[in-house]
Amino acid sequence: MARAVAVVGVGQTRYGNRSEMTYPDLVREGVQAAFADAGLGPEDVDGVVFGTMPSMMEGVAMTHFYFADALRAVGKPLMKTETCGTTGMSLAITGYYWVASGMADVVLVVGSEKMHEGDSQATMSTVAEPFFFRPFTSGAPGIFSMLAQMWMDRHGIPEDKARDAAARVSVDHHRDALDNPYAHIKKAVTMEEVKGAPVIVYPSRLWDICPNSDGACAVIFACEEKVKKMSGKPAWVKGIGFCGDEYWFGDSDKVSWDGARETARQAYEMAGIRDPLKELDVAEIYNPFTYVELQHYECFGFCEAGTAPDRVLDGTFSRGGELPCDPSGGVLCSNPIGATALVRVAEAALQVTGRAGERQVEGARLALSHGLGGVAQFNGIMILGAEQ
């Protein structure tokens, strides 16, 4: 039987253009913050899991070796994983299994990116099938544009209603990011500004799309025996799920999105959740584009198919609503890709331990964190709770 596992330390850097420091120093900043938060040192860690975007983004192959000193991983088991946008969640789930299986008692998990030193869209385009799909996608915006249009068409959602709901998501998260000391984009926007911004790839406009961010995030997982010897507040892993769709984008239905729904089903079953809207207190959805956040509300059972715009416009998912989503500002306001999904885990841990500062959701005891990646192929979820 798997051992109980908890998050015992969280470290984040400030996200944005971090050209004032080298990449290894940026990684080191996140790692040191996690150790300080947990009250642990490198000598307490049994292994390290690290990841970034595909290595061509970094300009250095085998980056886990390049960053070994910054990761405080010299002489320890060290593993790298990369699944594009889902990298951070893949890292978190790997770290969880290292501890749950008994292979390690304490594991440091780190994700990072320095996007201002690479070409993110060119790199992400290489994830797609090279002969037919890659020339057609226009990078991530093209992929998510197709998802949004298919979703609206399938459910008969009027363009103006979808536009209003997407704009409300943008307004809410940009406002939320003002309370997040780590956030990259800190600018309040109005519905009129979002709806009138330049179209990037229809239907997404400028304020519907995430930025390019530098940053690092580190999370420390520990077994129950170790947790009992620590003085901090643990965030217990209650459920996990991960599912991949077909490699060829056109072979999977990204509206019914069985992969996203199966990911949620796995996590809910493990956590004993039957009614996520009622039982979850907060969710950190991977939302690089506003429209895909609306889709995931439906895939994760927060509302019925085709009803996300109505629920967004009535405030269900805003701070103060029935299920606050992305009170950190989410991916829409900070996007260091290799770390981005791990940031969702870190923010969920802070929420259920009551340590999220000005962005704290009052009374949060159970939180969902989500990662999305590949060519919209991978979905991963980790649910964290205040109680074991």
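Throughout, read-outs are computed from the coordinates displayed, never taken from laboratory work. None of these values were measured; they are calculated from a predicted model. Neighbour counts are summed over all protein chains in view; Cβ atoms, including those assigned to glycine, are modelled from backbone coordinates with ideal geometry.
Let me have the relative contact order for the range 151-252, percent, based on Cα pairs under 8 Å that are six or more residues apart.
16
So between Phe65 and Thr307, what do we pick up on full extension, going 0.36 nm a residue minus the alpha carbon distance?
82.4 nm
Counting only C-alpha contacts under 8 Å and six or more residues apart, can you give the relative contact order of the range 292-357 as a whole percent?
13
Under a GNM of the chain (C-alpha, springs under 10 Å), which listed residue has the highest mean-square fluctuation: Thr123, Thr22, Thr87?
Judging by the Gaussian network model, the answer is Thr22.
Go from 0 up to the bin containing the longest alpha carbon distance in the range 252-322, width 5 Å each, and give me the % of pairs per bin.
All Cα pairs considered, the percentages come to 3, 16, 27, 30, 16, 7, 1, 0.
With the Cα gyration tensor of the range 1-106 in hand, convert its eigenvalues to equivalent ellipsoid semi-axes via √(5λ) and list them largest first in whole Å.
Three semi-axes, in Å: 23, 16, 13.
Using only the alpha-carbon atoms, how far is helix 337-352 inclined from the longest principal axis of the chain? Give it as 0 to 90 degrees, nearest 10.
Long axis of 337-352 versus the principal axis of the chain: about 80 degrees.
Name the GluC sites (Glu not before Pro) in the range 321-388 that are in a loop by DSSP and that have at most 10 other C-beta atoms within 10 Å, would you?
Of the GluC sites (Glu not before Pro), the ones in loops of the range 321-388 whose Cβ has at most 10 other Cβ atoms within 10 Å are Glu362, Glu387.
In what order do Lys187, Lys114, Lys238 fall by count of nearby beta-carbon atoms within 10 Å, going from fewest to most?
Lys187, Lys238, Lys114
Taking neighbour Cβ counts within 10 Å as the exposure measure, how do His173, His116, His184 sort from fewest upward?
Taking fewest neighbouring Cβ atoms as first place, the list is His116, His184, His173.
If I model the range 153-273 as equal point scatterers sitting on the Cα atoms and use the Debye formula, what is log10 I(q)/I(0) at q = 0.11, 0.16, 0.20 Å⁻¹?
With no solvent term, the Cα-only Debye profile gives -0.68, -1.16, -1.19.
What is the Cα coordinate range of the range 326-374 on the first, second and third principal axes, sorted by size from largest, in whole angstrom?
Principal extents (Cα only, largest first): 34, 18, 12 Å.
Can you tell me how much longer the chain between Arg175 and Ala36 gets when fully stretched, taken as 0.36 nm per residue apart minus their C-alpha distance, in nm with one decimal?
Going from the current span to full extension adds 47.1 nm.
Set Lys and Arg Cβ to +1 and Asp and Glu Cβ to -1, take the dipole of the chain about its Cα centre, and tell me which of Phe144, Gln388, Gly16 lies farthest positive.
Gln388
Report the Rg/Rh value for the range 96-135, based on alpha-carbon coordinates and the Kirkwood definition of Rh.
1.29
Using a Gaussian network model of the chain whose springs link C-alpha atoms within less than 10 Å, name the residue from Ile273, Ile240, Ile93 with the highest mean-square fluctuation.
Ile273
Ranked by Cβ crowding within 10 angstrom, fewest neighbours first, how are Lys186, Lys226 ordered?
Lys186, Lys226
With springs connecting C-alpha atoms under 10 Å apart, model the chain as a Gaussian network and identify which of Glu29, Glu304, Glu293 has the largest mean-square fluctuation.
The residue that fluctuates most here is Glu304.
Ranked highest first by the average count of other Cβ atoms within 10 Å around their residues, in what order do 192-204, 157-169 fall?
157-169, 192-204
Using just the alpha carbons, could you tell me how many Å³ per residue the convex hull of the chain encloses?
Normalising the Cα hull of the chain by residue number yields 121 Å³.
Radius of gyration and Dmax for the range 190-338's Cα atoms, expressed in Å?
17.5, 55
What ratio of Cα Rg to 2.2 N^0.38 Å holds for the range 1-40?
Here the Cα radius of gyration is 1.52 times the empirical estimate.
Percent relative contact order of the chain, based on C-alpha pairs within less than 8 angstrom and at least six residues apart?
26
Taking 0.36 nm per residue of sequence separation and subtracting the Cα-Cα distance, how much length would be gained by fully extending the chain between Leu206 and Glu246, in nm to one decimal?
Stretched out fully, the Leu206 to Glu246 stretch lengthens by 11.4 nm.
Using only the alpha carbons, work out the radius of gyration and Dmax of the range 263-388 in angstrom.
Here Rg and the maximum Cα pair distance are 13.2, 36 Å.
For the pairs Lys76/Lys229; Lys114/Lys187; Lys254/Lys278, note any where the Cα-Cα span goes beyond 24 Å.
Cα-Cα > 24 Å for Lys254/Lys278; rest within.
Pairwise over distinct Cα atoms, reciprocal of the mean inverse distance: report the Kirkwood radius of the range 86-183 in Å, one decimal place.
17.5
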